[in-house]
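Chemist: First the structure, which I've put down as structure tokens, then a few questions once you've had a look.
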Amino acid sequence: MWKEFKKKYAPYLLYLIAKFIYVTNKKIYHHPKDDKEPFVLCMWHGDLLSQIFNYHHFRKGWVIKALISENRDGEMIAKIASLFNCGAIRGSSSNGASKVLIRAIKELKIGNDVAITPDGPRGPRYSIADGVVIISQKSGKKIRCFNALPSKYWQFKSWDKFVLPKPFGKINFYISEPFSVEDMELETAKSFIKEKMMQHSLI
């Protein structure tokens with residue numbers, strides 16, 4: 001019975017909780033100017049809940065698709081994302097990864113934004129997988145790093161130390177200037193992205 005409840009109703013409950021948290025917090029946005037170009041949104045797995053609000057405040061009326069795994073957690077994340085008007089590119093990093101990357105590149109080339117958690121879906125926390133570099137280089141689109149720093153929060157004991165802001169606090173939302181990794185070697189690009197991502201990350 002619990003599994004059936006979780007599958008059917010948990011996404012809607014989490015959606016309402018997220019909306020309540022967002023409404024009751026003071027929001028401070030550290031956003032650069034929007035150049036109206038499609039980009040690769042790079043966010044940590046443990047910080048992904050806040051970034052849908054960050055994104056929609058930055059861009060209104062744009063289409064965004066998030067790379068989401070095909071496991072059970074991914075199913076729930078995809079449903080929650082859809083409630084926030086965020087599409088999904090479903091796939092596995094270990095099986096058919098190339099198809100997922102191709103779909104992401106196509107979305108960028110037709111003018112949509114693509115979101116990816118470079119340390120997901122299994123970690124380790126704050127690692128950078130190859131996918132974000134490949135997508136950016138093959139599509140020719142730049143990367144923007146998204147972060148959120150709440151003044152009060154719960155932190156779960158999961159591998160990603162998932163962060164859930166508490167109500168009635170303050171959240172600082174950060175978006176980096178767009179940057180390119182076009183001419184970088186893979187490992188150099190990954191190190192550069194991590195350096196950018198860690199500027200506003202919880203330790």
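The values are calculated or read from the model by the stated rules, or taken from the named source; none is laboratory data. Given the structure is predicted, the values throughout are model-derived calculations rather than measurements. Backbone-built Cβ (ideal geometry, glycine too); neighbour counts: all protein chains shown.
Chemist: Look at Val181 and say whether it is over 18 Å from the mean Cα position of the chain (by Cα), surrounded by 18 or more Cβ atoms within 10 Å (Cβ to Cβ) and aliphatic (A, V, I, L, M).
Modeler: Taking the combined requirement at face value, the residue satisfies it.
Chemist: For region 170-177, indicate whether the set of residues that are farther than 21 Å from Ile28 by Cβ, modelled with pLDDT of 95 or more and buried (at least 18 other Cβ atoms within 10 Å of the Cβ) is non-empty.
Modeler: no
Chemist: Would you mind listing the strands (runs of 3 or more DSSP E) fully within region 1-71 where at least 2 residues are modelled with pLDDT of 90 or more, closer than 30 Å to Lys138 by Cα and under 18 Å from the mean Cα position of the chain (by Cα)?
Modeler: Counting at least 2 such residues, we get 40-42, 64-69.
Chemist: While we're on this one: Mind listing just one residue for me: the one in region 152-190 that is among the hydroxyl-bearing types (Ser, Thr, Tyr) and touching a residue at least 60 places away in the same chain (Cβ under 8 Å) and, of those, nearest to Phe53 (Cα to Cα)?
Modeler: Tyr174
Chemist: Can you tell me how many residues in region 31-64 are within 17 Å of Asn112 (Cα to Cα), in contact (Cβ under 8 Å) with a residue 40 or more places away in the chain and out of contact with any strand residue (DSSP E or B) (no Cβ under 8 Å at 6 or more places or on another chain)?
Modeler: Final tally of qualifying residues: 2.
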